[in-house]
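Shown next, in structure tokens, is the structure this report addresses.
The values are calculated or read from the model by the stated rules, or taken from the named source; none is laboratory data. Note that the structure is a prediction, hence the values are computed from the model and not measured. Glycine gets a Cβ as well: all are built from the backbone with ideal geometry, and neighbour counts include every protein chain shown. When the accessible area is computed, the model is the full protein with side chains, heavy atoms only, and any ligands, DNA or RNA have been set aside. Shrake-Rupley method; radii C 1.70, N 1.55, O 1.52, S 1.80 Å.
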Amino acid sequence: MTVLPARVLIVEDEEKVAQFIKKGLETQPFAADIALDGQEGKDRIDRQAYDLAILDVNLPLVDGLELCAYVRQKQPQMPVLMLTALGTTADKLAGFDAGADDYLVKPFDFMELLARVRALLKRSQRQADDAEVLRVADLELNLQSKEARRGGAEIKLTAREYTLLEYLMRNQGRVVSRVDIAENVWDIGFDTGTNYVDVYINYLRTKIDKNAPVKLIHTVVGLGYMMKEK
């Protein structure tokens, strides 16, 4: 099963630097978003799940160390690469103490940044692959036993429903289109004359969301579906 391209958040107040990183990453390909200050970075982290964050230290409104600590609260498994002009040992230790996974000093070579990004994503993916349980809010999917539970109660799924749920949970916080779902869950091209994706989404909603106060499967009008806590 394939997943969507890794999404990277770049929080950098020098717009030219931010655009340089974004354009470079998108040639690889990655998907990249830019925030030009720490508060905007926090807002994006609240709205979107990311695979990796590149944070400058000296940011307006909310500095990079505070933002890194916020990332660790909101998305604790997401790797963080600190990118800054501050290169002393004390500066690096402060970044690591805030929860950074790696530290790159300006000026930098883009190929070195790319190598760091790939290494962090690879390590993060290994950790995700080693995990036996996927979780979104109180929904759990055990990848070994193939069992789904919400609030501790078992949910009986067909094989296709299980595969669809796994795909949605692995891409939580991202919009997945009907084409994405058809190609990754059914492994076929999308026939616009059919509605089987919508039918199976409704099957899952009935089993997962119908009796729960917090809905996890959301429709994004004109784009597709997203699994998220709120």
Positions within region 156-183 being charged (D, E, K, R) and more than 18 Å from Pro5 (Cα to Cα), in sequence order: Lys156, Arg160, Glu161
Which numbered condition Leu104 fails, given (1) touching a Lys or Arg at 6+ places or on another chain (Cβ under 8 Å); (2) buried (at least 22 other Cβ atoms within 10 Å of the Cβ): (2)
Odd one out for Asp13, checked against (1) open to solvent by less than 60 Å² (accessible area, probe 1.4 Å); (2) part of a loop (DSSP other than H, G, I, E, B): (1)
Residue ID - modelled with the lowest pLDDT, chosen from residues in region 56-101 that are crowded, with 21+ Cβ neighbours inside 10 Å and in a helix (DSSP H, G or I): Gly95
Residue tally, condition more than 14 Å from Gly224 (Cα to Cα) and either part of a loop (DSSP other than H, G, I, E, B) or at pLDDT below 80 (or both), over region 178-204: 7
Selected residue (criterion: farthest from Val176 (Cα to Cα)) from residues of region 5-20 that are without any contact (Cβ under 8 Å) to a residue 60 or more places away in the chain and in contact with a helix residue (DSSP H, G or I) (Cβ under 8 Å, 6 or more places away or on another chain): Val11
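Going residue by residue through region 115-128, is there one that turns out to be farther than 30 Å from Leu165 by Cβ and exposed (fewer than 14 other Cβ atoms within 10 Å of the Cβ)? Steps first, please.
From region 115-128, those farther than 30 Å from Leu165 by Cβ are 115-116, 119; that's our starting set.
Checking which are exposed (fewer than 14 other Cβ atoms within 10 Å of the Cβ) leaves us with 115.
Within region 115-128, one or more residues are farther than 30 Å from Leu165 by Cβ and exposed (fewer than 14 other Cβ atoms within 10 Å of the Cβ).
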Contacts under 7 angstrom Cβ, first residue in region 21-49 being free of Cβ contacts under 8 Å to residues at least 60 places away in the same chain and part of a loop (DSSP other than H, G, I, E, B), partner surrounded by fewer than 18 Cβ atoms within 10 Å (Cβ to Cβ) and among the aliphatic types (A, V, I, L, M), 6 or more apart: Asp37/Leu61
Leading residue by the ranking (least open to solvent (accessible area, probe 1.4 Å)) among those in region 152-168 that are charged (D, E, K, R) and in contact with a strand residue (DSSP E or B) (Cβ under 7 Å, 6 or more places away or on another chain): Glu166
Set Arg135, Arg149: member being assigned to a strand (DSSP E or B), within 25 Å of Phe30 (Cα to Cα) and open to solvent by 30 Å² or more (accessible area, probe 1.4 Å): Arg135
Some residue of region 73-83 being basic (Lys, Arg), in contact (Cβ under 8 Å) with a residue 24 or more places away in the chain, touching a strand residue (DSSP E or B) at 6+ places or on another chain (Cβ under 8 Å) and within 26 Å of Glu26 (Cα to Cα): no
